[in-house]
1. Give me the strands (runs of 3 or more DSSP E) completely within the stretch 18-75, filtered to those with at least 2 residues that are of a type in the set (A, V, I, L, M), under 19 Å from H114 (Cβ atoms) and touching a strand residue (DSSP E or B) at 6+ places or on another chain (Cβ under 7 Å), ordered by residue number.
2. Considering only residues that are part of a helix (DSSP H, G or I) and among the small types (G, A, S), look in the stretch 107-129 and name the one that is surrounded by the most Cβ atoms within 10 Å (Cβ to Cβ).
3. Just give me the residues in the stretch 128-144 being of a type in the set (A, V, I, L, M) and touching a Leu at 6+ places or on another chain (Cβ under 8 Å), in sequence order.
4. Can you find, within the stretch 238-285, the residue that is surrounded by the fewest Cβ atoms within 10 Å (Cβ to Cβ) among those that are touching a helix residue (DSSP H, G or I) at 6+ places or on another chain (Cβ under 6 Å) and assigned to a helix (DSSP H, G or I)?
5. Check off (1) under 22 Å from V284 (Cα atoms); (2) buried (at least 24 other Cβ atoms within 10 Å of the Cβ) for S91 and give me the number that stays unchecked.
6. Look at the stretch 130-161 and say how many of its residues are farther than 23 Å from R51 by Cα and in a helix (DSSP H, G or I).
7. Within the set of pairs 6+ apart or on separate chains, which have a first residue in the stretch 287-302 that is surrounded by fewer than 20 Cβ atoms within 10 Å (Cβ to Cβ) and of a type outside the set (S, T, Y), a second that is modelled with pLDDT under 95 and assigned to a helix (DSSP H, G or I), and C-beta atoms under 9 Å apart?
8. Is there a residue being charged (D, E, K, R) and closer than 22 Å to A144 by Cβ anywhere in the stretch 267-275?
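The values are calculated or read from the model by the stated rules, or taken from the named source; none is laboratory data. Note that the structure is a prediction, hence the values are computed from the model and not measured. In this analysis, Cβ positions are derived from the backbone assuming ideal geometry, glycine residues included, and neighbour counts consider all displayed protein chains.
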Amino acid sequence: MTLDRSEELEHLRLAVELSKTPVPELAVPETRHVVSSGFRIHFLDWGTAGRPPLVFLHGGGLNAHTWDVVCLALRRDYHCFAVDQRGHGDSEWSPEMDYFPETHRRDVAGVVEHLGLERFVLVGQSMGALNAFVYALEHRARLAGLVLIDAGPNIRIDGAQRIGDFVGATAEVDSIEDVVAKALSFNPLRDPRLLRRSLLYNYRRLPSGKWARKHDMRHWGQTDFSELTARNEERWKQAERVTCPTLVVRGALSDVFLDEDADRFARALPNGRWARVEGAGHTVQGDNPGGLCEALRSFFAEIPF
């Protein structure tokens, strides 16, 4: 299900009001698609042409709209692009269920080439942070900066499993109100009015009348988070190869990534630093977009575009 323009503007107005995030003006992003290696990727283009470009990658089970308030707050000074990663949002699903970070890296490279970005900042949260990190391993010279939000080595398996259990339990629901209730129980920081609209970006109506998550859930029940974390540890160990300026962000209330984890990871990066965003859990951009924007602007002021 999609919102029409007036509904989108009302949704954005409410999101800005509830988050108390200053934005220069309300605007609806342009919906765009690119085909890379025969695979269709959807993304949101917030403008403004000629400004320093930022590319945003969401976390697992989310979509490009998770960055709406952040992009609205930054769009006067930066050209923001928010990507629906494969198997999520309005991007294509992989028939082979190929969702490896290295495959996501290829998708990001395709979007970057399509947009003609010579130098940009890549921002990723959770799964998106891992994919952004893997992209930086091969394309660090192209990055003016890298931002990794609530992810890195030594993530806490219990916290990650809690998120995985919630996503699995809400794969298919009887109504949007049903998933709103479950989402509020999972994350009390959210407002039910905003959830009702934002969930429409993440769910589709089935012929049966039920609602299903838009992203590919076929492999979700097979996910062993202990095994997955161990595999990703081998990727994170290559931190010394990521030489571009890098900001590690942690949500102060996160049970996935702790202060000591963020500090240790930032020290392992050749040009790393870290910041904590108060009043935010794992999904920092949703819980406290204004606080995240402050951390981003401070980092951007340090780096040459």
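1. Details: elements: 30-36, 39-45, 53-57.
Fully inside the stretch 18-75 and qualifying: 39-45, 53-57.
2. Of the stretch 107-129, the ones part of a helix (DSSP H, G or I) are 107-115, 127-129.
Add one more test, that the residue is among the small types (G, A, S), and what stays is 109-110, 128-129.
Working: A109: 16, G110: 16, G128: 27, A129: 24.
The extreme case among them is G128.
3. So in the stretch 128-144, the residues of a type in the set (A, V, I, L, M) come out as 129-130, 132, 134, 136-137, 141, 143-144.
Within the stretch 128-144, A129, A132, A136, L143 meet the criteria.
4. It comes out as R241.
5. (1)
6. 11
7. Hits for this filter: G290/S19.
8. Narrowing the stretch 267-275 to residues charged (D, E, K, R): 267, 273.
Narrowing further to those that are closer than 22 Å to A144 by Cβ: 267, 273.
Yes, some residue in the stretch 267-275 is charged (D, E, K, R) and closer than 22 Å to A144 by Cβ.
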